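Student: My structure is below; once you've seen it, I'll send some questions.
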């Protein structure tokens with residue numbers, strides 16, 4: 001059981017480059033989300049999706065785009081990378097909002113450096 | 001969002017119980033308290049959650065005060081592998097149906113021999 005898989009694990013970009021962070025889950029979860037974690041801080045929500053074709057912004061969405069064409073995949077796109085986007089990125093999924101027990105499962109993270 | 005307050009760090013001897021406190025005095029009646037932990041900058045891992053009653057699972061126990069303004073996570077027999085940052089979180093359902101877990105800075109638990 002793979003759970004939530006993130007690729008790549010590490011990435012170095014130059015300012016202005018674009019890239020896509022991949023996230024896939026095999027648990028048939030409705031809800032998926034992206035967080036970033038900066039040194040000494042907790043996780044902050046970037047974007048989330050409550051199902052295929054539906055996405056919405058979290059608390060720090062600027063500079064990031066997302067789409068959800070399938071239940072399994074939720075890629076995060078950086079259109080023009082900036083040094084301020086240097087961070088560790090976590091993808092998470094959960095079964096849905098209507099359940100009282102709504103556990104989020106996290107991937108191992110992508111460590112991104114923008115020079 | 002309901003805010004949570006945790007001590008920045010705690011130490012615990014291996015084999016002893018680790019009691020991690022959390023204050024969430026602004027929690028509303030339908031908000032759950034969740035606990036996650038993060039080991040060595042890995043992805044956060046779910047531990048336990050509760051609404052009003054005390055809860056226990058194979059990992060830990062959660063004690064919630066009657067007024068729900070605070071809670072305590074208990075690791076009954078801490079091991080070195082329990083060294084991690086522990087996050088107390090109040091789950092917020094967003095207007096659009098999203099699910100926001102507001103992670104604070106958590107408590108760094110260090111389990112020592």
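The values are calculated or read from the model by the stated rules, or taken from the named source; none is laboratory data. Computed from a predicted structure; not experimentally measured. We place every Cβ from the backbone using ideal geometry, glycine too, and count neighbours over all the protein chains shown.
Student: Using the structure shown, decide if residue B:9 is within 20 Å of residue B:103 (Cα to Cα), exposed (fewer than 12 other Cβ atoms within 10 Å of the Cβ), in contact (Cβ under 8 Å) with a residue 60 or more places away in the chain and over 10 Å from the mean Cα position of the chain (by Cα).
Tutor: For residue B:9, the condition - within 20 Å of residue B:103 (Cα to Cα), exposed (fewer than 12 other Cβ atoms within 10 Å of the Cβ), in contact (Cβ under 8 Å) with a residue 60 or more places away in the chain and over 10 Å from the mean Cα position of the chain (by Cα) - is met.
Student: On to the next question. For the stretch B:16-38: of the residues being within 11 Å of chain A (Cβ to nearest Cβ) and assigned to a loop (DSSP other than H, G, I, E, B), which is modelled with the highest pLDDT?
Tutor: Going through the qualifying residues, I end up with B:32.
Student: Looking at (1) within 14 Å of another protein chain (Cβ to nearest Cβ); (2) closer than 25 Å to residue B:89 by Cα; (3) in contact (Cβ under 8 Å) with a residue 40 or more places away in the chain, find the lone condition where residue A:21 falls short.
Tutor: Tallying (1) within 14 Å of another protein chain (Cβ to nearest Cβ); (2) closer than 25 Å to residue B:89 by Cα; (3) in contact (Cβ under 8 Å) with a residue 40 or more places away in the chain, residue A:21 fails exactly one: (2).
Student: Name every residue in the stretch B:41-85 that is in a loop (DSSP other than H, G, I, E, B) and within 13 Å of chain A (Cβ to nearest Cβ), in order of residue number.
Tutor: Correct list: B:41, B:42, B:43, B:44, B:51, B:52, B:53, B:57, B:59.
Student: Right, next: Could you tell me whether residue A:33 is in contact with a strand residue (DSSP E or B) (Cβ under 9 Å, 6 or more places away or on another chain) and closer than 16 Å to residue B:43 by Cβ?
Tutor: Spelling it out, residue A:33 is indeed in contact with a strand residue (DSSP E or B) (Cβ under 9 Å, 6 or more places away or on another chain) and closer than 16 Å to residue B:43 by Cβ.
Student: For the stretch A:33-46, name all the residues that are at pLDDT 90 or above and more than 9 Å from chain B (Cβ to nearest Cβ).
Tutor: Scanning the stretch A:33-46 gives A:34, A:36, A:38, A:46.
Student: I need every pair where a residue in the stretch A:79-102 that is farther than 22 Å from residue A:2 by Cα and at the interface with another protein chain (Cβ under 10 Å from one of its Cβ atoms) has its Cβ under 8 Å from the Cβ of a residue that is at pLDDT 85 or above and surrounded by fewer than 16 Cβ atoms within 10 Å (Cβ to Cβ), sequence separation at least 6 or different chains.
Tutor: Qualifying pairs under 8 Å: A:100/B:51.
Student: What are the residues in the stretch A:37-60 that are surrounded by fewer than 18 Cβ atoms within 10 Å (Cβ to Cβ) and over 11 Å from the mean Cα position of the chain (by Cα), if any?
Tutor: A:38, A:39, A:40, A:41, A:51, A:52, A:53, A:54, A:56, A:57, A:59, A:60
Student: I would also like to ask the following. Please tell me if residue B:66 is surrounded by fewer than 17 Cβ atoms within 10 Å (Cβ to Cβ) and touching a helix residue (DSSP H, G or I) at 6+ places or on another chain (Cβ under 8 Å).
Tutor: no
Student: Would you point out the residue of the stretch A:71-86, among those that are more than 11 Å from residue A:18 (Cβ to Cβ) and in a strand (DSSP E or B), that is nearest to the chain's Cα centre (by Cα)?
Tutor: Out of the qualifying residues, it is A:76.
Student: Here's another thing I want to ask about it. Restricting attention to the stretch A:61-70, which residues are in a loop (DSSP other than H, G, I, E, B) and surrounded by 19 or more Cβ atoms within 10 Å (Cβ to Cβ)?
Tutor: Correct list: A:68 only.
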